[in-house]
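Report on the following structure.
The values are calculated or read from the model by the stated rules, or taken from the named source; none is laboratory data. Values in this document were obtained by computation on a predicted structure and should not be read as measured data. Every residue, glycine among them, receives a Cβ derived from its backbone with ideal geometry; neighbour counts consider all protein chains shown.
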Amino acid sequence: MEHNLKQKFTKAYANDFMTLDGYSFKKLAELKWVWFWSGNWPLLDATTERNRDFEIEFKKVAGIYPRITVDIFRGGLITAYHCQEEYNRMAKFLYRKFEDEPKFILKSLADYEQKTNRDITTLEQLAKRDFHVCSNAELIKIFNTARKHFVYNSAIDHWAWYIEKFFTPKLEKYLIRRLAELGKNDFVPEYLSTLVSPTKPSRIYEERIAFFQIVKQTRNIRGFVTAAKNYPRTKKLAERFPKVGLWVRKHFECYGWLPVLVNNPPTTERDIWEEIVSATKRSPSLELDVKRLGDNFDNGILQRKKRLINELKPDLATLYLIRTLERTAFVRTEDNAVMSRSAYLIIPLYKEIARRLDISYYELKELISEEVVRALRISSDVQKLIGSRYKLSGFLVFKGRRFILDGNEANKLKLIIESSINQSKKKTKKTLKIFKGNPASLGRVRGRVFLALSSKDCNVMKKGDILIAPATSADFVPAMRKAAAIVTEFGGLTSHAAVVSREFNIPCVVGVENITNFLKSGDVVEIYASKGMVQRVE
């Protein structure tokens, strides 16, 4: 029944979605698979990054496209995988292109703000429509128009990740050689971290500064601090202090969308009130909190960069490499904000479509775009298909063809991937006490591990825990604010974890191979971020 249902919805798109044969499974099993990332990212959002428009856009900016990718979906969460063979092919191509034209990556990111602002402006205009009075045909047209404005942003998000993966090691190799010549071998992490730090503030930084300003202002309002400490019910506070309520409302309008990314709920006014109350109960060190958030965006960082570059005297290609990674560090974090804003603006449209299909907003996101359009056209029941997807499904891009797998096929693909990854893990001994990675934000701290394989695990994390995760994204930020240090298994110096940890001025080590397999919540570790080292304490 499920197979027939899937055929019914994909028949019209047979050129894109095909049956995976035994030969293809065999070829997939011969590849060396690598974990890419995981998170709260349903099928509808993930397939924006796998369709043909995305492929065309990615080729425009990078000149090449990853031909083989796998996404496994279960319970609303995605785990994405790439293969080493594709990494090798892309690295060879991109290194050669950089040698021929060192400025090509900077050129590919030059009009990022212009294009993303254009897309958001279009989505803001669409969001003003009254979707309730639209016919299904009109909704389909609006839906297809809106989806087009996610493609460029998704392509840049992935492109920035590849830039980091392939080109940060090139800068590190240069610094190892050059600092050895200068007799400063021990300063590689510090120089690397400084040179790739973004010189523009992210939206995360801007929101925190704005929030702390509200908290500072509340301390000048007679009776507010006492009321917040003794009678912390936010509804009562809002009634008693309407001026603060106005500030909260403006903050919500400016930043309430920021946590959405693609599938998280927006911040509410009540959330902001509760955080204000919580901040009021802490010791009055807001100036220090604000300073920490601003450390990477004062004139000092610009002067330090300038001083280091004058000392290193890099050739033109290396100077372009430094500017490229600096730009990428900003784009990678800012892109999360762009995705959040875009996803927030489209929520009313999705909710109206879901209402007409008699499903929830989150159930709608278990479908792909073509299935949403088809369901609106023929008014069909998609409940069984969604149920199958939620249990286990897979989306495969394999050398120009795309496959949606459910049930046994999805499980077979999942087992192939896991078998390949487990083979690599077996080569590492389970008795490791010291783990090595790359310093992303300097410092030393000791504490208890909180292991989070996805942002959904972070609800019970305590302030002062050491957050260890495969990688982080915008939906991890509330947990990252509590962390004494951050360690990720994947990512480099322009990754989300690296950029945000520098904003928060907490130690961070990235690219620590297999650490999520060998540490568990409650383990005591010591972080030596300047050495890129994590040590398990007996």
On the basis of being closer than 30 Å to R89 by Cα, among the hydrophobic types (A, V, I, L, M, F, W, C) and in a helix (DSSP H, G or I), does L237 make the cut? no
Identify all residues within region 288-310 that are surrounded by 13 or more Cβ atoms within 10 Å (Cβ to Cβ) and either modelled with pLDDT of 90 or more or not in a helix (DSSP H, G or I) (or both); write none if there are none. K305, L308, I309
Name the pairs: first residue in region 99-121 and within 19 Å of W257 (Cβ to Cβ), second residue surrounded by 14 or more Cβ atoms within 10 Å (Cβ to Cβ) and of a type in the set (F, W, Y), Cβ to Cβ under 9 Å, at least 6 apart or on different chains? T116/Y152; R118/Y152; D119/F150; D119/Y152
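Evaluate region 172-185: report whether one residue or more is in a helix (DSSP H, G or I), closer than 30 Å to L94 by Cα and within 27 Å of the chain's Cα centre (by Cα). Before the answer, list the steps.
Going through region 172-185, the residues in a helix (DSSP H, G or I) turn out to be 172-181, 185.
Within this subset, residues satisfying the condition of being closer than 30 Å to L94 by Cα are 172-181, 185.
Those still in the list that are within 27 Å of the chain's Cα centre (by Cα) too: 172-173.
Yes, the conditions are met somewhere in region 172-185.
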Conditions first: (1) crowded, with 19+ Cβ neighbours inside 10 Å; (2) within 29 Å of K97 (Cβ to Cβ); (3) among the hydrophobic types (A, V, I, L, M, F, W, C). W41 passes all but one, so which condition is the exception? (2)
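Before we move on, is E164 charged (D, E, K, R), buried (at least 19 other Cβ atoms within 10 Å of the Cβ) and in contact (Cβ under 8 Å) with a residue 60 or more places away in the chain?
Details: charged (D, E, K, R): yes; buried (at least 19 other Cβ atoms within 10 Å of the Cβ): yes; in contact (Cβ under 8 Å) with a residue 60 or more places away in the chain: yes.
Criteria met by E164.
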Assuming D381 fulfils every condition listed in (1) assigned to a loop (DSSP other than H, G, I, E, B); (2) surrounded by 14 or more Cβ atoms within 10 Å (Cβ to Cβ); (3) more than 27 Å from the chain's Cα centre (by Cα) apart from one, which condition is it? (2)
Testing I347 on (1) at pLDDT below 95; (2) surrounded by fewer than 17 Cβ atoms within 10 Å (Cβ to Cβ), one condition comes back false. Which one is that? (1)
Exactly one of K243, K229, K250, K236 is touching a residue at least 40 places away in the same chain (Cβ under 8 Å) and of a type in the set (K, R), and that one is K229
Selection from region 474-508 of residues surrounded by fewer than 24 Cβ atoms within 10 Å (Cβ to Cβ), outside any helix (DSSP H, G or I) and of a type in the set (G, A, S) yields A484
Identify, by number, the condition in (1) free of Cβ contacts under 8 Å to residues at least 12 places away in the same chain; (2) within 30 Å of A110 (Cα to Cα) that M339 doesn't meet. (1)
Can you find, within region 348-362, the residue that is farthest from the chain's Cα centre (by Cα) among those that are in contact (Cβ under 8 Å) with a residue 24 or more places away in the chain and assigned to a helix (DSSP H, G or I)? R356
Residue in region 388-399 that is in the same structural domain as R50 (by TED's automatic domain parsing), farther than 15 Å from I78 by Cα, in a helix (DSSP H, G or I) and among the charged types (D, E, K, R) present: no
Scanning region 122-133 for residues that are free of Cβ contacts under 8 Å to residues at least 24 places away in the same chain and assigned to a helix (DSSP H, G or I), which turns out surrounded by the most Cβ atoms within 10 Å (Cβ to Cβ)? Q125
Of the residues V225, V260, V215, which single one is part of a loop (DSSP other than H, G, I, E, B), in the same structural domain as S342 (by TED's automatic domain parsing) and not small (G, A, S)? V260
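Given the criterion closer than 24 Å to R327 by Cβ, assigned by TED's automatic domain parsing to the domain that holds M461 and among the small types (G, A, S), identify the matching residue among G492, G522.
Only one candidate qualifies: G492.
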Could you tell me whether any residue of region 1-17 is of a type in the set (A, V, I, L, M), at pLDDT 50 or above and either under 21 Å from I378 (Cα atoms) or not in a helix (DSSP H, G or I) (or both)? no
